[in-house]
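One structure is given below, encoded as structure tokens.
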Amino acid sequence: MGQCYPADWDVDDYRDDTEPEQHWLLRKEFMCIHKGEFSEDYLVALAIAFAKIEFMGCVYRAPLMIRISKLSEDVAKQYREIKKTKLQNTFVTASCAAVSEAKRRSDLGPERKKKSKKILTSSSE
């Protein structure tokens, strides 16, 4: 990328007040590191896509994913390390949850089954 672009614009102008602090700091760092390598509009768009990939798991076409992957190698290292140690949300279908609950109940002894059934009936009233 031999071409240089103006770097006299303020990254903070692109802060979204509804954006969580951690998201903004990572996106800001991405823009600060690459400021001058791309046009302002294009870099802002790349930073938004980068944040959506990191925080929401969005997927884009391969060329963009490859470009952002290369540009974010150093930027997101610390965030990715922290993310590895955090609990992850796991989504299951309702049918899987029902099977799991049925199995759990069948593993209970007869006395505990009655107690469990009693609690469920009284809570649904």
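Only the coordinates and a few stated rules stand behind these numbers; no lab work does. The structure displayed is predicted, hence computed values, not measured ones. As a convention, Cβ positions derive from the backbone with ideal geometry for all residues, glycine included, and neighbour counts pool all protein chains shown.
Here are the numbers:
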read-out: Approximate spin-label separation residue 64-residue 22, in nm, with each point projected 7 Å along Cα-to-Cβ; value: 2.4 nm
read-out: Neighbour net charge for residue 65 - beta-carbon separation under 14 angstrom, K R +1, D E -1; value: +2
read-out: For the range 1-82: rounded, prolate or oblate by the Cα gyration tensor [a/c cutoff 1.5]; value: oblate
read-out: Rounded Å value of the spacing that divides the Cα centres of the range 46-83 and the range 5-39; value: 14 Å
read-out: Among the listed pairs 28/77; 35/84; 35/77, those beyond 21 Å (Cα-Cα); value: 35/84
read-out: At R0 = 30 Å, FRET efficiency that the Cβ-Cβ distance of residue 81 and residue 12 yields, to 0.05; value: 0.70
